[in-house]
Amino acid sequence: MHLASQPVGRRERNKQAKLDRITAAARELFAEHGIDDVTTQQIADRADIGTGTLFLYAKSKGELLLLVQNSAYADALARGTAEAAGSTVPLDAVMAIVRPVVECNRTQIDNGRTYLREMVFGDPDEPHHHAALTLAAGTEAAIAAVLEREARTTADTAARLAHVISAIMFLSMAASTNVSSTVEDLLLEIRNQVAAILPA
């Protein structure tokens, strides 16, 4: 029998069920209180597991936030990439990708800023941190792809521009001076900066 066709065993189903409970508990508590006001014990209690079990799935509260936010970020990136496919103007296509990512990050501002900090300074060997970095790289790749559609933009130039645009987006979302900014304020700031660096 081919391995892919074998049913998932009870142990794997139990592991997935625990992961789903942990993710749901962390998502709810972080949304209700913000990451700084939630303890790992509260997450474990809501997920109905021991704290030792919790740390088998995520070694820190920061990793738990990455676990929760990564799925929302992945959905936002997929929506933005799909929206960008219909735009023929490079700046509009870039902003189509950026918009849902910014909206996702600003759902709970403190959590969003902590997510970015964990992404930059967390342990890249941790699986949820690695997944976050993969999403950031995917964002750059999506931006580079829409820039490459412009005949005058080479793949190398598109990749460099995408890296800078990604940095603009992440710094705009993380900056303490932008804590009180609305999503629309941030998007306008990002758009103006991106417009300044795109080829005329």
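The values are calculated or read from the model by the stated rules, or taken from the named source; none is laboratory data. Every value quoted in this text rests on a predicted model; they were computed, and no experiment measured them. Cβ atoms come from the backbone with ideal geometry, glycine included; neighbour counts cover every protein chain shown. Surface accessibility is based on the protein's heavy atoms, side chains included, excluding ligands, DNA and RNA. Shrake-Rupley method; radii C 1.70, N 1.55, O 1.52, S 1.80 Å.
Values as computed for the structure displayed
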quantity	calculated
Which listed residue is in contact with a Lys or Arg (Cβ under 7 Å, 6 or more places away or on another chain) and farther than 30 Å from ALA158 by Cβ, from ILE49, ILE22, ILE43	ILE49
Residues satisfying the stated conditions in the stretch 65-114, i.e. more than 14 Å from the chain's Cα centre (by Cα) and among the aliphatic types (A, V, I, L, M)	ALA82, ALA84, ALA85, VAL89, LEU91, ALA93, VAL94, MET95, ALA96
Residue match in the stretch 175-189 (condition: within 30 Å of LEU56 (Cβ to Cβ), of a type in the set (S, T, N, Q) and at pLDDT below 95)	no
Selection from the stretch 152-200 of residues that are hydrophobic (A, V, I, L, M, F, W, C), part of a loop (DSSP other than H, G, I, E, B) and open to solvent by 70 Å² or more (accessible area, probe 1.4 Å)	ALA200
Subset of the stretch 9-34 (residues that are within 21 Å of the chain's Cα centre (by Cα), part of a helix (DSSP H, G or I) and either more than 28 Å from ARG106 (Cβ to Cβ) or not acidic (Asp, Glu) (or both))	LEU19, ARG21, ILE22, THR23, ALA24, ALA25, ALA26, ARG27, LEU29, PHE30, ALA31, HIS33
Residue list for the stretch 87-137, restricted to those being hydroxyl-bearing (Ser, Thr, Tyr) and either under 30 Å from ALA200 (Cβ atoms) or outside the structural domain of GLN69 (by the TED database) (or both)	SER87, THR88
